[in-house]
Each structure stands twice: as structure tokens, then as C-alpha cells.
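Asker: Take this structure first; my questions come after.
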Amino acid sequence: MAHFRHRLRAGILRAGVFTVALALAPGSGALAQDAIEAALAAPPEIEGVTLASLPFLTEFYAARDGTPLWTDDRAEALFEILNDGLDHGFRPQDVHLPRLYDLHDARQSGDAADGLAFELAASDAMVRLLHHLVFGKVDPERLDAHWNFSRPVLGDDPARSLNAFIEDTGVAAVLPALEPTNANYNALKSALETYRLIQIDGGWPVIPDGPALKPGMRDARVQTIRQRLAAEGVLSPQGIEFLSATPEDSPAGPSDPDLYDPSLAADVARFQARLGLEADGVIGPRTLTALNRTVEERIDQLRLSLERARWLVRGLGDDFVLVNIAGARTYVVRDGALVWTTRSITGSAYRKTPVFRDDIKYMEFNPTWTVPASILKKDKLPKIRRDPGYLARHGYSVIAPDGTPVSPASVNWASDDPGIKLVQRPGPDNALGLVKFMFPNDYAVYLHDTNDRTLFDRNERNLSSGCVRVEDPFLLADLLMMGDPDWSRAKMEAILASGQTTRINLPEPMPVLLTYWTAWVEDGEVHFREDIYDRDGAVLAALNAPYRGASQ
């Protein structure tokens, strides 16, 4: 049945991947049960296909008493769900496509060996897809020794449960039953579809290097910039009209195709805002770099975000706080719906905010701040040596290891380790601001207010020493205290006015997820960021590598 291979290559393009209208011929007849059992006991490769799910398949076919699964109808449904699975950011080879089409064609000859190869390769493809959807293809613990997000639990006997589900409900229902249903995840899927279609249309042009381009200037690159924005679907109607104008439409033609006019500058500013750049319409080196990122690079960023989402969205619950470190934004979800988002400040490339999950247990108003040892050594000691009045002016107390106060004059500030702690007293100058949100952890990282809110006006806000500063912490406090009848804004204001350090326990611990996404969707727009922590490369390499099984 060579026509299957031809139809795969000719294809019907949907979501940027091949899908095939199958017209399966009758199969090759029943396979012997003992042949399946023998193949599963052999080395994990059959007809060039590595069976990475071999332990699971052994249990799966034991639950079926060794009987074959893939009738022609079920094979048709399988190819449908495998192609649908590619919409989640996987590659065809991740689920044995197009090799599986070749094996299907071969089994139509009636040869038992070909039938056996297709049977086991098809089952392995299905199990791979389901594993990748539930757990992610990449094991994050292998990339981050401190990873602490829990993995989903599928029950005591997933192989038997999967077999029973297929027998009762059918192959076509497997994917909808197990794919993530999170709204943000689905928005990423839609964005991936959009960018894959852009890729199919040829992507976008490269804009040549040149001097910074400001509104009102003339430059031969201007029309290419319009074409670049149009290819991504972010050019305004006025810009599109300008691109499509011809002498036939207007004898004078475009007024000045090389003029960087206000309309195009506004389009560039909107593009810059989505990329976390200064939205000033000036095309300098950083904006030019962002414009010249290829569509393939953007697709990979979306695939990475889908993979990272699979690591954590399943079983998350309806209430949580999420921090996107790369995007420097914080989100609050209540009852499964996004209720609030705000700008944040996260760790710099030199003092990275870690990726982990915990529970916010309490808030501390009018907090003190104990300066971490690393910040004391790198930041504070040089300032104290230059300025003897620094400690008093910024409200710092000097504390001995036993907790007793020490006179600053008695400390050897020239030493790299003066043997003291610095504690900043509560007040408007405190580095933590007026409230911090505590989830005690090994990293000493938490969310907090700040004494310098001007930093939130910056487009690039990876500026902290690891903790996460929140733009409107008092609104966050109210959202965390929802359901507590004794809480009110008046009570919070009274606590703040007292100036006393006060602990307030949350009604229920609130899960908080510190994540790292360089691509995400917000308010219907796709946002991208540069990989400031250099984390994408390792995840992408693992995502593109051959899958060798859940144990590896």
C-alpha cells in the first residue's frame, strides 16, 4: 500500500504538521499471542523501532492475555491521535511517525513479522504520547537536582486501566481523557499552531544591520520591517495597506516607502512591549535582534513552554500563585480562573530566582530584613567602608552571632567576614517594603514588597538578588486572605500604621509556583523573552533527543 506513504508526504497540513486521511485496507489477520509475548521478551527493538515503553507494554499485553490491539479501525484512530498529539509540540519521530505509516503499509502484505512490528510499534507510539502528555517528555529532575514539583500518580495498575479504557471507550477517547485542559496550556497550543502556519508560509524576512532607526528617519529597510511585522500578523491595517499599495491603486504610489512613519513606529512599539523591550519605537540593536529571531526559534520557545507546563499544571488545584521568572510577572488564580496579574521583579542572571513549588503559609507586615551573608559580603561591606553613616541612615542594626546588639564602631569592617549580621529595622526604607509573603524554603526566597517601586516601570525587571518583589503587595494580601471573615483592608492598615512586626497566617496555605517560561500568552497576545538564565538550551536538547524510556 505505497499510497499511504505518498499521502503522508503530500499530506494535509493542519497546525503545521502532517495529517492523513486514512483509508485502511483489511489487516493481515490475527497475530499469534505467543509471538507478541516472545517479541516483548526480546531486545527492545523491532524493525528499526526502539520500544522505549517495553516494561509498560509487557504489563499492557498481559492485561490483554497477549491478544493484538490494532485492528484497522483502531489503527485509523491511532493515527488521528498521534497527529493530534503533535499539536502539543512533539515531533513526528517522538511517536514513530512517519515510520509507523511504513510499518502499516508493510503489514497489509499479510506477513506475520510485519504485522507484529506494526502491532508493537503502534502500542509503543500510543504509550509514548500518553506518557509525554501526562509527565512531559523531559524529566526535569535530571536537569535540576533541586526540582521539587510532584509528578502525577496514575493509580496502582495504569497498564490494566489503559487497556480497560480502550476496550470500554475506544482509542479515539484516550487523548482527550489525558491531555492537559489548563487554559494557559491551550492558549500556548493555539500560539504554536499560529507560528507553525507562519513557518509553512516561509517565515519572515531578515532585516539587515544598520544604524538605529527612529521615527521620522528614512531608511531602505523600512519596507522590509513592514513585511517582517506583517508575516507575524502584528502590522496595523494602515501598514498592510501601505504594503499592498501599487501604482494601479494610486498613480502616485506609496507616498514614501522608506519613511519610518508614526504608524509603523506604533506597530514596532507594540512589538517591543510583547518582547519586554522599551516600547519607544526606536529600532536599536536589541529590537533588531528580536525582530530577526527566526520563526523556528519562536516555535521552539513555545514548545518549551508547553513542556514546562506539562511538568506542573496537572493536579495543580483551583487556587495558586504563579511567578514567571523569565517574564517577571506574578499571577493569582482562584477557582480555576485568573483573577489578577501584576508586574514583578525577579532575580538577575547572577542571582537567579530558583524554580520550585511551595505553599505560602503566612504574611509578615512591617518586616525586618536580615541581610543574607552573600549580599553582606558583596554589596553591604563595600558601602559601609566608603560611608560610615550608611548603617544609621538606612536603619541597620549590627547583631552578634548570639543575637545581642553590637556597636558598629567595634566591628572590623575591613574584614571579609566581620562575624556579625545586619538586620534592617521595619519602616518605609526597609528593602522588603511593608509586607513579605512567607513559604519557608531552603533557598531563603519569598515574595515581598519593595522600598523602590520605580523599578516596576522598567520593561526588563530581572534585577533582584533572588527573591520576588510584587508591585501591589496589599492587593495580593487581600487575595490570599479571601475566606477569612476577620480580615479587612482596615485591619491591614491598622497593622501597618502600628509599625510593629506582625505575623498573619493565611486561612489555608496557598500553593506558589516559581516557573521559567520564555514564551507565554496573556490577554490574547503571545509574549517572548530572552533566555536570561541560559536554561532553554538544555531543556530543548532533551526535548529533541530520542526518548529512551521513563527510567532514563
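The values are calculated or read from the model by the stated rules, or taken from the named source; none is laboratory data. Predicted model only: the values in this text are computed from it and were never measured. Cβ sites come from the backbone with ideal geometry, for glycine too, and all protein chains shown count toward neighbours. Quick note on the areas: whole protein, heavy atoms, side chains included, nothing else; ligands and nucleic acids left out. Shrake-Rupley method; radii C 1.70, N 1.55, O 1.52, S 1.80 Å.
Asker: Which sequence of Ser190, Ser464 reflects their accessible areas, 1.4 Å probe, from the largest down?
Answerer: Heavy-atom accessible area, descending, gives Ser190, Ser464.
Asker: Keeping all protein chains in place, calculate the accessible area per residue for the range 231-383 (probe 1.4 angstrom), answer in Å².
Answerer: 40
Asker: Shifting gears a bit: Between Glu460 and Asp261, with labels modelled 7 Å along Cα→Cβ, what's the label distance in nm to one decimal, could you check?
Answerer: 3.2
Asker: While we're looking at this one, here's another question. Toward the positive end of the charge dipole of the chain, about the Cα centre and with charges on Cβ (Lys, Arg +1; Asp, Glu -1), which of Trp369, Ala121, Thr341 goes farthest?
Answerer: After comparing all options, I get Trp369.
Asker: Okay, next question. Please work out how much length the chain gains when fully extended from Asp359 to Thr289, using 0.36 nm per residue of separation minus the C-alpha to C-alpha distance, in nm with one decimal.
Answerer: Extra length available between Asp359 and Thr289 comes to 21.3 nm.
Asker: Quick check: pseudo-label points 7 Å beyond the Cα along Cα→Cβ at Ala62 and Leu338, how many nm apart are they?
Answerer: Taking the simple label geometry, Ala62 and Leu338 are separated by 4.5 nm.
Asker: Related question: In the calculated pair distance distribution of the range 370-449, what percentage of Cα-Cα distances lie above 20 Å?
Answerer: 35
Asker: Now for a separate question. Could you size up the charge dipole of the range 327-482 around its Cα centre, putting +1 on the beta carbon of Lys and Arg and -1 on that of Asp and Glu, and report it in debye to the nearest 20?
Answerer: 420
Asker: How many percent of the accessible area of the range 282-368 is carbon or sulfur, using a 1.4 Å probe?
Answerer: Carbon-and-sulfur percentage of accessible area, whole number: 49.
Asker: Moving on. Run lengths n ≥ 4 of DSSP H only: what is the helix-derived mean residue ellipticity at 222 nm for the chain, with -39500 (n - 2.57) per run over all residues, to the nearest 500?
Answerer: -11000 deg cm²/dmol
Asker: For the range 112-215, report the accessible area per residue in Å² (1.4 Å probe, heavy atoms, rounded to an integer).
Answerer: That works out to 46 Å² per residue.
Asker: Using unit Cβ charges (K, R positive; D, E negative) and no other charged atoms, how large, in debye to the nearest 20, is the dipole of the range 426-506 about its Cα centre?
Answerer: So the dipole magnitude of the range 426-506 works out to roughly 80 debye.
Asker: Mind grabbing the accessible area of Trp413 for me, 1.4 Å probe, Å², rounded to tens?
Answerer: Accessible area, nearest 10 Å²: 40 Å².
Asker: When ligands, DNA and RNA are left out and all protein chains stay put, how many square angstrom of accessible area per residue does the range 477-552 have with a 1.4 Å probe?
Answerer: 50
Asker: Okay, next question. Which of Leu264, Ile240, Leu447 sits farthest toward the positive end of the charge dipole of the chain, with +1 on the Cβ of Lys and Arg and -1 on the Cβ of Asp and Glu?
Answerer: Toward the positive end, the furthest listed residue is Leu447.
Asker: Label-point separation (nm) for Ser190 and Asp209, each offset 7 Å from Cα along Cα-to-Cβ?
Answerer: The modelled label-to-label distance comes out at 4.0 nm.
Asker: Run the accessible area of the range 96-228 with a 1.4 Å probe and give the carbon-and-sulfur part as a rounded percent.
Answerer: In the range 96-228, the share of accessible area belonging to carbon and sulfur is 51 percent.
Asker: Quick one: how many lysine pairs in the chain have C-alpha atoms under 29 angstrom apart, if they're 8 or more apart or on different chains?
Answerer: Here the count comes out as 23.
Asker: Then there is this: Distances over 18 Å make up what percent of all Cα-Cα pairs in the range 316-395?
Answerer: When all Cα pairs of the range 316-395 are counted, 63 percent exceed 18 Å.
Asker: With +1 assigned to the C-beta of every Lys and Arg and -1 to the C-beta of every Asp and Glu, and no other charges, what is the dipole magnitude of the range 165-234 about the Cα centre in debye, to the nearest 20?
Answerer: The calculation lands at about 680 debye.
Asker: Here's another thing I want to ask about it. Only loop residues by DSSP count here, and only those with at most 16 other Cβ atoms within 10 Å; note down the chymotrypsin sites (Phe, Trp or Tyr not before Pro) in the range 321-401 that meet that.
Answerer: Tyr350
Asker: Quantify how much of the Cα-Cα distance distribution of the range 242-362 extends past 22 Å, in percent.
Answerer: When all Cα pairs of the range 242-362 are counted, 58 percent exceed 22 Å.
Asker: Related question: Using r as the Cβ-Cβ distance of Glu37 and Ala541, and R0 as 35 Å, what FRET efficiency do you calculate, to the nearest 0.05?
Answerer: 0.45
Asker: Search the structure for amide H atoms under 5 Å from the amide H of Asn451, placed 1.01 Å from N in the peptide plane, and list their residues when 5 or more places away or on another chain.
Answerer: When sequence neighbours closer than 5 places are left aside, the close amide H contacts are Gly433.
Asker: With a 10 Å radius around each residue's Cβ, average the other Cβ atoms per peptide and rank 256-262, 220-226, 208-214, highest first.
Answerer: 220-226, 256-262, 208-214
Asker: Here is a further query. Exposed loop GluC sites (Glu not before Pro) only (DSSP loop, at most 16 other Cβ atoms within 10 Å): please give the longest stretch of the chain free of them, not including the sites.
Answerer: After excluding every exposed loop site, the longest remaining stretch is 48-247.
Asker: Another one. Amide H neighbours of Glu471 under 5 Å, counting only residues 5+ apart in sequence or on other chains, H built in-plane at 1.01 Å?
Answerer: Result for Glu471 returns Arg343.
Asker: Counting only protein heavy atoms and using a 1.4 Å probe, what share of the accessible area of the range 386-425 belongs to carbon plus sulfur, as a whole percent?
Answerer: Roughly 55 percent, rounded to a whole number.
Asker: I would also like to ask the following. As I understand it, the value is the acute angle between the Cα axis of helix 262-274 and the longest principal axis of the Cα atoms of the chain; what does it come to in degrees, rounded to 10?
Answerer: 90
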